[in-house]
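Since the structure comes first, as structure tokens, the remarks are kept for the end.
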Amino acid sequence: MDIKKTGVAGTMESSDIIVRIEPKETEGIELELESAVMQQYGKQIERVIRETLGELGVTRAYVNAVDKGALDCTVAARTSAAAYRAAESSDYVWKEVRI
Amino acid sequence: MLFVPGNNPGMIRDAHIYGSDSIMFDLEDSVAITEKDAARFLVYNALTKLHYGKKELVVRINDLSSGLGIADLEAIVRAQPDVIRLPKTDSAKDVIECEREIERIEREAGIPVGKTGMMAAIESANGVLNAKEIAFASKRLIGIALGAEDYVTDLKTTRSPEGIELMFARGMIVNAAKAAGIMALDTVYSDVNNEEGFVAEATMIRKMGFDGKSVINPRQIAPLHAVFTPSEKDLTKARAIMDAIAEANARGSGVASLKGKMIDKPVVARAQYLLEMAERAKTITVEEI
């Protein structure tokens with residue numbers, strides 16, 4: 001998935017996270033994260049963002065995220081929404097099936 | 001059934017702690033048009049990643065004519081909630097079209113065909129007149145519901161505390177649902193600060209035959225359960241009826257009586273239903289402890 005423009009998803013409300021994704025010319029994901037729970041969960045949030053982008057095939061992007069205590073599933077949802085918006089794509093792929 | 005806005009992560013996370021029987025994640029009216037995609041991701045991820053115990057999980061999609069409904073179904077059917085709620089159902093055709101899309105996605109995703117339940121919300125004068133056809137339109141339907149805000153707008157009136165403007169719609173919907181053997185679900189009571197009004201409305205709709213009611217605030221759950229949970233007095237009477245029937249059967253007699261009154265079939269059916277409801281209420285309470 002190619003990042004074509006700036007895509008943002010999420011809010012500053014408690015339990016949410018704002019993820020902002022911008023185009024980057026060179027390979028790699030450059031991630032900047034702010035979180036009130038940085039010490040405890042910073043690495044986990046970063047891992048979820050990177051994994052979600054990896055699943056979507058995003059290999060080059062600047063990512064800025066401001067976390068307000070989001071669960072992993074929220075981090076993944078906001079990252080996906082921001083990425084699709086930034087890629088100007090609506091070819092959603094829904095893989096998982098709840099058992 | 002507790003309404004939870006689909007683009008609010010905090011409310012989605014906490015939705016199961018308030019004791020409602022079912023949770024309805026909303027992708028429709030509570031989500032701004034610019035956030036439909038984000039809400040879809042959020043609800044999909046919550047359904048596939050979070051555990052809500054034995055709660056019945058419902059997702060209200062956007063109607064198919066909005067251009068958003070099919071995209072909602074593509075995500076939500078794969079996330080497998082118990083029920084998909086179709087809004088603004090005006091005719092049986094709306095139900096059949098939605099069912100066709102659900103079935104297609106079930107096949108594509110390898111989900112057993114028929115697994116996804118449906119609920120149709122009736123929100124217009126036309127929909128109310130078609131309530132019977134709607135209720136019989138699909139085997140997937142577990143119930144039909146009244147959506148009052150759009151309905152009163154269609155009638156060119158407003159909602160009143162007494163609900164006089166909803167009498168015909170409620171009567172039609174409850175009758176259609178019972179004829180089809182499915183549930184009738186009542187609309188929300190918007191004034192969350194008026195508990196007395198809420199309880200009066202809940203008492204009336206239970207008396208009318210509705211099986212439940214949507215709530216928009218967790219504060220309304222306990223009073224609603226209090227209305228729908230059978231009283232100890234009613235349960236004592238129901239148990240006495242069942243005992244009398246059991247005794248008559250043991251005697252080989254087809255006729256039973258209690259305190260000099262003959263117990264006929266509808267009386268037994270009502271007693272049985274009451275005891276079942278009490279049993280279900282007990283199960284929910286135990287699960288939540």
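Just give me the residues in the stretch B:32-45 being in contact with a Gly (Cβ under 9 Å, 6 or more places away or on another chain) and facing chain A (nearest Cβ under 7 Å), in sequence order. Matches in the stretch B:32-45: B:38, B:42. Restricting B:247, B:279, B:196 to residues that are without any contact (Cβ under 8 Å) to a residue 60 or more places away in the chain, touching a strand residue (DSSP E or B) at 6+ places or on another chain (Cβ under 8 Å) and open to solvent by 60 Å² or more (accessible area, probe 1.4 Å) narrows the list to B:247.
One residue alone among A:58, A:66 is surrounded by fewer than 21 Cβ atoms within 10 Å (Cβ to Cβ) and at pLDDT 95 or above, and that residue is A:66. Within the stretch A:33-40, can one find any residue that is more than 26 Å from residue B:51 (Cα to Cα) and in contact with a helix residue (DSSP H, G or I) (Cβ under 9 Å, 6 or more places away or on another chain)? Yes, there is a match, as at least one residue in the stretch A:33-40 is more than 26 Å from residue B:51 (Cα to Cα) and in contact with a helix residue (DSSP H, G or I) (Cβ under 9 Å, 6 or more places away or on another chain).
Just one of (1) closer than 21 Å to residue B:6 by Cα; (2) in contact with a Ser or Thr (Cβ under 8 Å, 6 or more places away or on another chain); (3) away from chain A (no Cβ under 14 Å); (4) outside any loop (DSSP other than H, G, I, E, B) fails for residue B:88. It is (4). Being more than 14 Å from chain A (Cβ to nearest Cβ) and either closer than 24 Å to residue B:126 by Cα or modelled with pLDDT under 95 (or both) is a property that does not hold for residue B:14. Screening residue A:1 with (1) touching a Leu at 6+ places or on another chain (Cβ under 7 Å); (2) in a loop (DSSP other than H, G, I, E, B); (3) within 14 Å of another protein chain (Cβ to nearest Cβ); (4) of a type outside the set (S, T, N, Q) gives one miss only, at (3).
The one condition from (1) buried (at least 21 other Cβ atoms within 10 Å of the Cβ); (2) under 24 Å from residue B:172 (Cβ atoms); (3) of a type outside the set (Lys, Arg) that residue B:38 does not meet is (2).
Condition check ((1) without any contact (Cβ under 8 Å) to a residue 60 or more places away in the chain; (2) out of contact with any strand residue (DSSP E or B) (no Cβ under 6 Å at 6 or more places or on another chain); (3) within 13 Å of chain B (Cβ to nearest Cβ)) across all residues:
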position	(1), (2), (3)
A:10	no, no, yes
A:31	yes, no, no
A:56	yes, yes, yes
A:59	yes, yes, no
A:63	yes, no, no
A:71	yes, yes, yes
A:88	no, yes, yes
A:93	yes, yes, yes
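Which of the residues spanning the stretch B:10-21 are in contact with a Gly (Cβ under 8 Å, 6 or more places away or on another chain), surrounded by fewer than 24 Cβ atoms within 10 Å (Cβ to Cβ) and free of Cβ contacts under 8 Å to residues at least 40 places away in the same chain?
Matches in the stretch B:10-21: B:16 only.
Count of the stretch B:199-218 residues, restricted to those that are under 19 Å from residue B:18 (Cβ atoms) and either of a type in the set (Val, Ile, Thr) or exposed (fewer than 14 other Cβ atoms within 10 Å of the Cβ) (or both), is 3. From the list B:48, B:89, the one residue that fits, being in contact with a helix residue (DSSP H, G or I) (Cβ under 6 Å, 6 or more places away or on another chain), under 29 Å from residue B:228 (Cα atoms) and hydroxyl-bearing (Ser, Thr, Tyr), is B:89.
The residues of the stretch B:156-180 that are open to solvent by 70 Å² or more (accessible area, probe 1.4 Å) and hydrophobic (A, V, I, L, M, F, W, C), listed by number, are B:164, B:167, B:168.
For the stretch A:2-48, a residue qualifies if it is surrounded by 13 or more Cβ atoms within 10 Å (Cβ to Cβ) and on the phi > 0 side of the Ramachandran plot, and the qualifying residues are A:10, A:15.
The values are calculated or read from the model by the stated rules, or taken from the named source; none is laboratory data. Keep in mind that this is a model prediction, so the values were computed, not measured. Positions of Cβ are generated from backbone atoms using ideal geometry, with glycine treated the same way; all protein chains shown enter the neighbour counts. Side chains are part of the model used for accessible areas, which takes the heavy atoms of the whole protein and leaves out ligands, DNA and RNA. Shrake-Rupley method; radii C 1.70, N 1.55, O 1.52, S 1.80 Å.
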